[in-house]
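Engineer: So that we are looking at the same thing, I have put the structure below in C-alpha cells.
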Amino acid sequence: MAEPTRIAPPAGPPDPPPPADLPPPDFIRAIEDRFPGAVQKLSYWVGDWTIVLDAGRLVDVATYLRDAPGALFTFCSDVTASDWPPRPKRFDVVYSLYSIPLRHRVRLKVQAGDGDAVPTVTRVWPSANWLEREVFDLFGIVFAGHPDLRRILMPDDWQGHPQRKDYPLEGPGELLIEDPVEWLKLRQADIE
Amino acid sequence: MLETYLVPLLKIVVLLNAVLVAVTYMVLLERKVIAWVQVRLGPMRVGPHGVLQPIADAIKLLLKEDITPARADRWVFTLAPIVSMVPALIAFAVIPFDSAITLFGYPITMYVADINVGLLYIVATTSISVYGIILAGYASNSKFPLLAGLRASAQLISYEVAITMMLVSLVVMAGTLSMVGIVRAQLEAGMWYVFVQPVAFVILFIGGLAETNRAPFDLPEAEQELTGGFHTEYSGMRFALFFLAEYANMIVVSAVATTLFLGGWLRPFPNVGALAFLDLVPGWIWFLGKTFVFLYVFIWIRATLPRYRYDQLMRLGWKVLIPLAIANLVVTGLLKVLL
Amino acid sequence: MFDTNELVINMGPQHPSTHGVLRVVLRLDGERVIDANVVIGYLHRGIEKLCEYRDWGQIVLITDRMDYIAAASNNLGYCETVEKLMSLEVPPRARYIRTILAELQRIASHCLWLGTHAMDIGAMTVFLYAFRERELILDLFEDYCGARLTYNAMRIGGLPLDIPPRWDAKVRAFCDILDEKVNEYEELLTHNRIWLERTRRVGVISGEEAVAIGLSGPALRGSGVARDIRKDEPYAAYADFEFDVPLGSDGDTYDRYLVRLEEFRQSTRIIRQALDGLPEGPIIGKVPRLIKPPAGETYHAIESPKGELGYFIVSDGKSNVPYRFRVRPPSFCNLQALPRLVKGHLVADVVALIGSIDIVLGEVDR
C-alpha cells in the first residue's frame with residue numbers, strides 16, 4: 001500500500017484562472033451580467049470551465065442555466081463535494097452540468113463551512129435528490145429545502161461523516177472491539 | 001367371482017403403481033428436457049444418465065424434518081396435500097388405455113371402469129383438487145400463503161369454466177359422456193376429433209396449462225413473486241405430495257386430451273385402410289405415445305415462454321377462452337342439427 | 001391515523017430478483033404500488049475514501065470492483081480522466097484496442113442484463129443462452145489479460161499488454177457467432193405475445209422527465225432522447241468509427257429492451273471496424289515513472305453499458321495519491337427513477353422494472 005507522502009495539506013483547490021487569450025463562453029458572460037456579484041471566480045483547466053458561485057444565488061443561477069437558450073443545462077450529471085480542512089469554509093460543493101441540446105459542459109462550485117446550509121437544487125434538477133443525500137451522508141453538508149434529507153449509503157444510525165478528511169479510513173475502530181454488546185452501543189442501537 | 005373382484009383389483013393395483021412411478025419419473029423427464037433445451041445436461045450423477053435421481057429425491061424428502069407451523073391447524077395442514085393428490089390419481093379410473101387385450105386367454109379391458117358419465121367424473125375429480133390448494137393456504141396460518149392460495153384457486157376455477165363449456169361441445173359431437181364411447185365415436189367418424197374440433201383442442205390445451213399451474217400460468221407459485229405460493233410452509237413429504245400432485249394432474253390432462261382429441265388408442269388415420277399395418281402396434285402403445293407427446297410439449301412450453309401476470313391471466317380466461325368456448329358450442333350444435 | 005387499506009411489503013436485501021443486495025419497501029393499495037422506498041448501501045465499501053490512500057496506478061485495480069460486470073469500462077473511464085488531467089497522449093493502437101475491449105464489455109454486460117431480465121419475467125431459457133455468449137467473451141478476456149471478471153486491463157497512458165497472436169481472429173469469429181445469436185434472442189422474445197404483454201406500457205417515462213430525473217444510457221435512449229457520449233463527446237477511438245445509436249419512442253420497458261438488443265449489433269459493427277483499421281505502434285504513451293498529475297481537477301465521463309460513468313478527480317500536484325476521487329455511477333442515478341417508474345403498477349411489474357433499469361449494486365453503493 002502506498003503511504004501518502006507527508007506534505008502539508010493544501011489550503012484549497014487550485015482553481016487556476018482562465019488563460020488571458022481564451023474568452024469565457026457567452027452564457028458565463030450572461031450570468032455575470034444578469035446576476036452581478038454572484039460569480040466569485042472563474043476557472044479553466046484542461047478544457048473545463050468552472051464557476052465559483054455565492055451560495056445564496058445558487059438556485060437563481062441554476063434555474064437560469066437550465067432555461068436560458070444559450071446554456072440549456074438540462075442534465076445534472078453529478079453533485080459532489082471536496083473537503084479542504086485548512087480553509088474556514090472547508091467544503092466545496094461541486095455541480096457538474098451537461099447540456100443535451102447544445103452538448104457543452106460546465107461546473108459550478110459553492111463554498112460552505114461546517115454547519116452552513118446550502119440551498120438545494122432538487123427543484124431545478126430532480127436528479128440531484130439522491131446525489132445531495134449522498135453528500136449529506138458522507139460530508140455532513142445540510143441542503144436547505146431538500147424533500148427527504150437522510151442518510152443513503154451509511155446505516156441510518158451512523159455517527160459521523162466518513163468522507164471528511166478528519167474521519168479515519170478504518171472507521172470508528174469497531175473492528176478492535178471484542179465484546180458484541182460494546183459494538184452495539186457504538187452503533188447506538190436499542191439493546192436490552 | 002374371479003372376474004368381478006380379482007381382475008378389477010389387479011387392474012387398480014397395476015394402474016396405481018404405474019401412475020405413481022410415472023409421476024415420480026416425470027420429475028426426471030422435466031429436468032432432463034429443460035436441461036437439454038438450455039444447452040446443459042441435467043442430472044447425470046445418480047445412476048447412468050441420472051435415471052436413479054427420482055429415487056434419491058424421494059429418499060431425501062422422506063428423511064426431512066417434519067415441520068408444522070406453530071398455530072397451524074394440524075389436521076387440515078396434513079389433509080391438504082392429500083386432497084390435492086388423491087383426485088388426480090382416482091381420475092385415472094375412467095381413462096381407457098386400450099379397448100381389450102387377451103391375457104392368458106382371458107379378455108381384459110384396458111380400463112378400470114367404463115361408466116357412462118366418465119367425462120363428468122373427470123371434471124368432478126379435478127374440481128375437488130382445488131380444495132387442496134385452499135386448505136393449504138388456510139392451514140398455513142400465514143398471510144401470504146393464504147392470499148396466494150386464494151389467487152391460485154381463483155385461477156383454477158376460472159379456467160375450469162372454459163374447459164367444461166368446451167367439453168359440452170365435444171359431448172354434442174360424440175353423443176355420449178363415456179370416455180370409451182368417445183373413442184368409439186372417433187373410430188366411427190373415421191378421424192380424430194382434433195381435426196373436427198380444433199378450437200376445442202386449443203381451449204383444452206391452454207386451459208390444461210392453467211389448471212395445472214404450469215408455465216406460462218404459474219405466477220402464483222413463481223419465485224419472483226413476493227409470496228412463495230400456497231405451499232410456502234410445507235416441507236418434506238407433504239411438499240413432495242403437492243409437487244407430485246401437479247405432475248399427476250399434468251398426466252391426467254394429457255391422457256384426457258389424448259382420449260378426447262387424438263383418438264385414444266386408435267392409430268393415426270383409422271379410416272384409411274392402406275395404413276392397416278400400423279395395427280400391429282398395440283393400441284395402448286399408441287395411447288402412451290400420444291400422452292408422452294403432450295407431456296413433452298408441456299415441458300417444452302415451460303422452458304420457452306415467459307409467464308403471464310395474474311390480471312392478464314384472468315383476462316385471458318374470462319374474456320377470451322370462455323366466449324370462444326361458448327361460440328364453439330353454439331356452432332357445433334348448429335352444425336350437428338343442420339348436417 | 002392508520003390507513004388500513006395500505007399494505008407494506010418488503011422486498012428484502014435477499015431476494016432472487018433484486019440483482020444484488022437491494023431493498024425495496026413497497027406500499028401497496030391492494031395490488032397496485034403507491035410508493036417504493038429504495039434502501040441501498042448494503043454493498044458500500046468506501047471506495048472513494050479508500051482511493052485517497054492509494055497510488056494513481058493502484059486505483060485501476062479498485063475501479064474494477066465497482067461495476068464488476070463491465071470492469072474494463074470502469075478502467076477506461078478512470079485512465080482517461082487521469083490522462084486528461086495530465087494532458088497525456090495515448091497512442092492510436094492503444095486507443096483502438098481500448099475501444100474493442102470497451103465494446104466487448106458492453107456486449108457482455110448486455111448479455112447478463114438480457115438473461116436476468118428474461119428470467120425475472122419467466123423465460124428462463126434465455127438466461128442460459130445469454131450466459132453462453134458471455135462465457136465466450138470472458139474467454140476472450142482471459143486470453144488477453146488472464147482474468148475473467150476483474151481485468152485491470154488498462155494503464156494510465158495506454159495498455160499494459162498487446163493483443164496475443166490470433167486474438168483478432170477469435171474476436172471476429174465471436175462477432176459472427178453473436179450476430180446469429182442475437183437473432184435467436186429476437187425470435188424467442190421480441191414478438192412473443194406474452195413478452196409484449198409483460199413489457200409494453202410498463203414503466204413509461206417521457207424524454208423530459210427522464211432527463212430531469214437523471215437517467216442516462218439505454219434507459220434514457222429508450223425514451224427517445226438522443227444522448228450517447230460516444231457520439232456527443234467522443235473518447236478513445238470512437239470518432240473514427242461509423243455506428244448508429246438506437247433510440248426508443250415510447251419510453252416503456254419494451255423500448256428499453258429493443259434499444260439494448262440493437263446495441264448488441266452496433267457493438268459488433270464497431271469491433272469489426274476497429275479490427276480492420278487497427279494501427280501498428282506502441283501501446284503505451286510517454287508516461288513518467290511516478291505519476292503525479294499537476295494540481296487541478298476535472299470531470300470526465302464515458303458511456304459505460306449502464307449509462308454515463310463519470311469520474312471527478314482532484315489532484316493537489318504534490319502527493320502521489322489523488323486528493324479527491326469521486327465516481328458518478330450510472331446505476332445510482334438510474335435507480336433514483338425507480339419510485340417514479342413503479343408508481344401505479346402491479347407488484348409483478350416491480351421486478352420487471354428493476355431489470356429494465358439495469359443496475360449493478362457494486363456501482364450503486366461503491
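Engineer: Here are some conditions: (1) within 22 Å of the chain's Cα centre (by Cα); (2) free of Cβ contacts under 8 Å to residues at least 40 places away in the same chain; (3) more than 14 Å from C:Glu363 (Cβ to Cβ). C:Gly317 meets all but one. Which one does it not meet?
Structural biologist: Tallying (1) within 22 Å of the chain's Cα centre (by Cα); (2) free of Cβ contacts under 8 Å to residues at least 40 places away in the same chain; (3) more than 14 Å from C:Glu363 (Cβ to Cβ), C:Gly317 fails exactly one: (1).
Engineer: Take the conditions in the same structural domain as A:Trp130 (by TED's automatic domain parsing), among the acidic types (Asp, Glu) and in contact with a strand residue (DSSP E or B) (Cβ under 6 Å, 6 or more places away or on another chain) and apply them to A:Asp67. Does it pass?
Structural biologist: Criteria not met by A:Asp67.
Engineer: If you don't mind, there's one more thing I want to ask. Based on this model, can you work out whether C:Glu89 counts as surrounded by fewer than 16 Cβ atoms within 10 Å (Cβ to Cβ) and among the acidic types (Asp, Glu)?
Structural biologist: Criteria met by C:Glu89.
Engineer: Name the residue that is nearest to A:Phe75 (Cα to Cα), counting only residues in segment C:282-331 that are surrounded by fewer than 22 Cβ atoms within 10 Å (Cβ to Cβ) and of a type in the set (A, V, I, L, M, F, W, C).
Structural biologist: The extreme case among them is C:Ala295.
Engineer: Filter segment C:284-309 down to the residues that are of a type in the set (Gly, Ala, Ser), assigned to a strand (DSSP E or B) and under 25 Å from C:Arg230 (Cβ atoms) and list them by number.
Structural biologist: If the condition is that a residue be of a type in the set (Gly, Ala, Ser), assigned to a strand (DSSP E or B) and under 25 Å from C:Arg230 (Cβ atoms), then C:Ala301, C:Ser304, C:Gly307 are the ones that fit.
Engineer: How many of the residues making up segment A:38-64 are in contact with a helix residue (DSSP H, G or I) (Cβ under 8 Å, 6 or more places away or on another chain) and either in the same structural domain as A:Arg164 (by TED's automatic domain parsing) or surrounded by fewer than 13 Cβ atoms within 10 Å (Cβ to Cβ) (or both)?
Structural biologist: The number of residues fulfilling the criteria is 1.
Engineer: Now for a separate question. Could you list all residues from segment B:298-315 that are assigned to a helix (DSSP H, G or I) and touching a residue at least 24 places away in the same chain (Cβ under 8 Å)?
Structural biologist: Within segment B:298-315, B:Phe298, B:Ile299, B:Trp300, B:Ile301, B:Arg302, B:Ala303, B:Thr304, B:Tyr310, B:Leu313, B:Met314 qualify.
Engineer: Identify, please: which residue in segment C:189-205 is closer than 14 Å to C:Ser356 by Cβ and part of a loop (DSSP other than H, G, I, E, B) and is, among those, nearest to the other protein chains (Cβ to nearest Cβ)?
Structural biologist: C:Val202
Engineer: Separate question: Check segment A:112-135 and report whether any residue there is more than 9 Å from chain C (Cβ to nearest Cβ), of a type in the set (Lys, Arg) and either part of a strand (DSSP E or B) or more than 21 Å from C:Ala210 (Cα to Cα) (or both).
Structural biologist: no
Engineer: Test C:Val82 against the criterion of being within 12 Å of another protein chain (Cβ to nearest Cβ), buried (at least 21 other Cβ atoms within 10 Å of the Cβ) and of a type in the set (Val, Ile, Thr), and give yes or no.
Structural biologist: yes
Engineer: While we're on this one: Please determine, by comparing only the residues of segment A:62-88 that are within 11 Å of chain C (Cβ to nearest Cβ) and touching a residue at least 60 places away in the same chain (Cβ under 8 Å), which one is farthest from A:Pro101 (Cα to Cα).
Structural biologist: Step by step, filter segment A:62-88, then rank; the result is A:Trp84.
Engineer: Please go through segment C:321-355 and give me each residue that is within 23 Å of B:Phe217 (Cβ to Cβ) and touching a Gly at 6+ places or on another chain (Cβ under 9 Å), ordered by number.
Structural biologist: Listed by number, the residues that qualify are C:His345, C:Asp349, C:Ala352, C:Leu353.
Engineer: Can you go through A:Ile51, A:Ile100, A:Ile28 and tell me which one is touching a strand residue (DSSP E or B) at 6+ places or on another chain (Cβ under 9 Å), modelled with pLDDT of 85 or more, more than 23 Å from C:Ser216 (Cα to Cα) and not in a strand (DSSP E or B)?
Structural biologist: Step by step, each of A:Ile51, A:Ile100, A:Ile28 is checked, and only A:Ile28 is touching a strand residue (DSSP E or B) at 6+ places or on another chain (Cβ under 9 Å), modelled with pLDDT of 85 or more, more than 23 Å from C:Ser216 (Cα to Cα) and not in a strand (DSSP E or B).
Engineer: Follow-up question, since we're still on this one. Quick test for you: out of C:Ala108, C:Ala123, C:Ala102, C:Ala72, pick the one residue that is buried (at least 24 other Cβ atoms within 10 Å of the Cβ) and at pLDDT below 90.
Structural biologist: Selected residue: C:Ala123, the only one of C:Ala108, C:Ala123, C:Ala102, C:Ala72 that is buried (at least 24 other Cβ atoms within 10 Å of the Cβ) and at pLDDT below 90.
Engineer: For segment B:1-39, what are the residues that are loosely packed, with under 12 Cβ neighbours inside 10 Å and not aliphatic (A, V, I, L, M)?
Structural biologist: B:Glu3, B:Thr4, B:Tyr5, B:Asn17
Engineer: Let me spell it out: the conditions are (1) more than 13 Å from chain C (Cβ to nearest Cβ); (2) modelled with pLDDT under 85, and A:Phe35 meets all of them except one. Which number is the exception?
Structural biologist: (2)
Engineer: Can you find a residue in segment A:58-69 that is assigned to a strand (DSSP E or B), modelled with pLDDT of 90 or more and of a type outside the set (A, V, I, L, M, F, W, C)?
Structural biologist: no
Engineer: With the condition kept exactly as written, say whether any residue in segment C:41-61 is surrounded by 21 or more Cβ atoms within 10 Å (Cβ to Cβ) and in contact with a Cys (Cβ under 6 Å, 6 or more places away or on another chain).
Structural biologist: Yes, segment C:41-61 contains at least one residue that is surrounded by 21 or more Cβ atoms within 10 Å (Cβ to Cβ) and in contact with a Cys (Cβ under 6 Å, 6 or more places away or on another chain).
Engineer: If we keep just the residues of segment A:156-170 that are under 13 Å from A:Gly140 (Cα atoms) and at the interface with chain C (Cβ under 10 Å from one of its Cβ atoms), which is modelled with the lowest pLDDT?
Structural biologist: Only one residue fits best here, namely A:Trp158.
Engineer: A further question follows. If B:Asp279 satisfies all but one of (1) farther than 25 Å from B:Val183 by Cβ; (2) away from chain C (no Cβ under 14 Å); (3) among the acidic types (Asp, Glu), what's the number of the condition it fails?
Structural biologist: (1)
Engineer: Select from segment C:335-360 the residues that are in a loop (DSSP other than H, G, I, E, B) and not basic (Lys, Arg) and list them in ascending order.
Structural biologist: C:Gln336, C:Ala337, C:Gly344, C:His345, C:Asp358, C:Ile359, C:Val360
Engineer: For a quick check of your reading: which helices (runs of 4 or more DSSP H) sit entirely within segment B:5-94 and have at least 2 residues that are farther than 27 Å from B:Pro145 by Cα?
Structural biologist: B:7-37, B:53-62
Engineer: What is the residue count in segment A:38-61 for residues that are within 14 Å of chain C (Cβ to nearest Cβ) and more than 15 Å from the chain's Cα centre (by Cα)?
Structural biologist: Within segment A:38-61, residues that are within 14 Å of chain C (Cβ to nearest Cβ) and more than 15 Å from the chain's Cα centre (by Cα) number 8.
Engineer: A further question follows. Could you check how many residues of segment A:11-25 are surrounded by fewer than 14 Cβ atoms within 10 Å (Cβ to Cβ), free of Cβ contacts under 8 Å to residues at least 40 places away in the same chain and either in a helix (DSSP H, G or I) or within 14 Å of chain C (Cβ to nearest Cβ) (or both)?
Structural biologist: Selection size over segment A:11-25: 2.
The values are calculated or read from the model by the stated rules, or taken from the named source; none is laboratory data. Not measured: the values here are computed from a predicted model. Heads up, the Cβs are rebuilt from the backbone with ideal geometry, glycines too, and the neighbour counts pull from every protein chain shown.
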